[in-house]
Amino acid sequence: MPKPIVAIVGRPNVGKSTLFNKLAGRRIAIVEDTPGVTRDRIYAEAEWLKYNFTMIDTGGIEPESDDVIISQMRRQAQIAIETADVIIFLVDGKSGITPADYEVSQMLRKSKKPIVLVVNKVDRITEEDNAYEFYNLGIGEPIAISSSQGLGLGDMLDRVVEHFDSIIGENEEDEYIRIAFVGKPNVGKSSLVNKILGEERNIVSNIPGTTRDAIDSIIDREEGKFVLVDTAGIRRRSKIKDEIERYSVVRTYAALERADVCILMIDAEDGISEQDQRIIGYAHEMSKAIMVIVNKWDLIEKETNTMNEFKKNLQHELSFMSYAPYLFISAKTGQRVHKVLEMAKMCYDNYNKRVKTGVLNDVISRAVTMQEPPIVGIRRMKIYYATQTGVKPPTFIFFVNDPEALHFSYGRYLENQLRDSFDFSGTGIKMEFRERKS
Ligand code: GDP
Ligand code: GDP
């Protein structure tokens, strides 16, 4: 089940970053060799009560003049409307309502998305009256908080999560396998989706960025029912000169968050870029099902081992997700295009796989016998038992004497043992270690 996405929208300096940082809980466990993923604060994981959700930061450049602020905010609000399930509209209780606030309220109101109007910088209870004037925005009851003092955050989160139940309910009935195609502009995402659909649905052009926005297509095939999501082109970002770049990453991120299977598409002539690694790194961190497609294979001059060599190089660049399968296709000629959904279904089945507790524990105890956990500090981790608590992705909990005594290399060893014993190719898996008294 995809996590709800919450976006914070607001003028520069109202306190978006301060709030974001306050709410950002434990970061998603960072796999140390995932390139680039920690460097950028596009999203953070947060939780409140029984809910886990993802916060995305739609903020980009901070413009100077009022005109620019207004146009920038329109775009920011647009992204939030497209990508988020709930929007926190943050305003500044010290400066009062501004023209930009009115503009954005109007857009948000029209969108029919759940909006929580939050008045920040109400640092003292005596200042709560400052919030009342924001009723005039016409988007409901304002709630007063102080991000820097940490006041009112609980009440605000109550208002946010109140909208989640309906969203989560909707998704549970979804029997479609959601596939997100990501990759740089011009790698052939639209061409491939069109080829699969067998019709000219999206406009294909070789001007980079023509297929900007995510487009969903639904198809029923013998392999299953699919939603194909052709994402906005991800362009290489040069110091966020153009805020659109950031927006396209935010959009892509949201598409990945909602997808079951994430397909990274690469142009055979260009190879893989750092940006590709970063984007698919997000999917890896979310433990999604993942596959890699090398497109435009028709343009490559082939010798006996070309494909293997190519694959070996890519696997080296993407070594943090060695479970991902590769497919070499030509969306133009149709070569191996029929294998795309077949492979996606295979990844999905493993993403949805459940293993029996008995067999699982046999595998773990054999693994421990073969190689004992190392001593970390002064303790050696002891595993009492393990159980699979969920699918999409397969999630395992290990009950141990002391989770602190887990060495990351041993975690990796256990993951490899699981992967050797059960077929989890094409999917990430999650492992958690919890303390349990013997
Ligand atoms: P952003 O541009 O919207 O991300 O705003 P920032 O989070 O960078 O905050 C802008 C300024 O407002 C900073 O100087 C913060 O310290 C300050 N600020 C943020 N939250 C509060 C608050 O609750 N009360 C007060 N008094 N100042 C705040
Ligand atoms: P997108 O931006 O990733 O959606 O890429 P498009 O589908 O718009 O394709 C960009 C260009 O690459 C278009 O001119 C396509 O005709 C061309 N193209 C797409 N797939 C192939 C392929 O397999 N082989 C060749 N030679 N060209 C392709």
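The values are calculated or read from the model by the stated rules, or taken from the named source; none is laboratory data. Just so it is clear, the model here is predicted, and its values are computed rather than measured. So basically every Cβ, Gly included, is an ideal-geometry build from the backbone, and we count neighbours across all protein chains shown. Side chains included, ligands, DNA and RNA excluded: accessible areas come from the protein's heavy atoms. Shrake-Rupley method; radii C 1.70, N 1.55, O 1.52, S 1.80 Å.
For residues that are surrounded by 17 or more Cβ atoms within 10 Å (Cβ to Cβ) and either of a type in the set (Val, Ile, Thr) or assigned to a strand (DSSP E or B) (or both), tally how many sit in region 392-438. Counting residues in region 392-438 that are surrounded by 17 or more Cβ atoms within 10 Å (Cβ to Cβ) and either of a type in the set (Val, Ile, Thr) or assigned to a strand (DSSP E or B) (or both) gives 9.
Yes/no matrix, rows are residues, columns are (1) of a type in the set (Lys, Arg); (2) assigned by TED's automatic domain parsing to the domain that holds Glu82; (3) within 16 Å of ligand 1 (Cβ to nearest atom); (4) touching a Phe, Trp or Tyr at 6+ places or on another chain (Cβ under 6 Å):
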residue	(1), (2), (3), (4)
Ala100	no, yes, yes, no
Ser105	no, yes, no, no
Ile115	no, yes, no, yes
Val119	no, yes, yes, yes
Ile125	no, yes, yes, no
Glu141	no, yes, no, no
Ser147	no, yes, yes, no
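Against the conditions (1) outside the structural domain of Ala289 (by TED's automatic domain parsing); (2) part of a loop (DSSP other than H, G, I, E, B); (3) not polar (S, T, N, Q), Ala324 satisfies every one except (1). Within this structure, Pro2 passes the test of being modelled with pLDDT under 80 and surrounded by fewer than 22 Cβ atoms within 10 Å (Cβ to Cβ).
Of the strands (runs of 3 or more DSSP E) that lie entirely inside region 77-190, those containing 2 or more residues that are within 16 Å of ligand 2 (Cβ to nearest atom) and in contact (Cβ under 8 Å) with a residue 40 or more places away in the chain span 177-182.
Comparison of Val104, Val86 shows that the only residue that is of a type in the set (A, V, I, L, M) and buried (at least 23 other Cβ atoms within 10 Å of the Cβ) is Val104. Go through region 313-361 and count every residue that is within 23 Å of the chain's Cα centre (by Cα), surrounded by fewer than 16 Cβ atoms within 10 Å (Cβ to Cβ) and within 16 Å of ligand 2 (Cβ to nearest atom). Result for region 313-361: 0.
Can Ser330 be described as among the hydroxyl-bearing types (Ser, Thr, Tyr), free of Cβ contacts under 8 Å to residues at least 60 places away in the same chain and in a loop (DSSP other than H, G, I, E, B)? Yes: the conditions hold for Ser330.
The set of residues in region 299-312 that are open to solvent by less than 60 Å² (accessible area, probe 1.4 Å) and touching a residue at least 24 places away in the same chain (Cβ under 8 Å) comprises Ile300, Phe310. When every residue of region 45-52 is checked against the conditions, at least one turns out to be of a type in the set (Phe, Trp, Tyr) and at pLDDT 85 or above.
For region 381-391, the set of residues classified as surrounded by 16 or more Cβ atoms within 10 Å (Cβ to Cβ) and among the small types (Gly, Ala, Ser) consists of Ala386 only.
For residues in region 5-20 being touching a residue at least 60 places away in the same chain (Cβ under 8 Å) and in a loop (DSSP other than H, G, I, E, B), which is nearest to ligand 2 (Cβ to nearest atom)?
Arg11
Are there any pairs with C-beta distances below 7 angstrom linking a residue in region 248-259 that is more than 9 Å from Ala180 (Cα to Cα) to a residue that is among the aromatic types (Phe, Trp, Tyr) and in a helix (DSSP H, G or I), with the two at least 6 apart or on different chains, and if so which? Hits for this filter: Tyr253/Tyr282.
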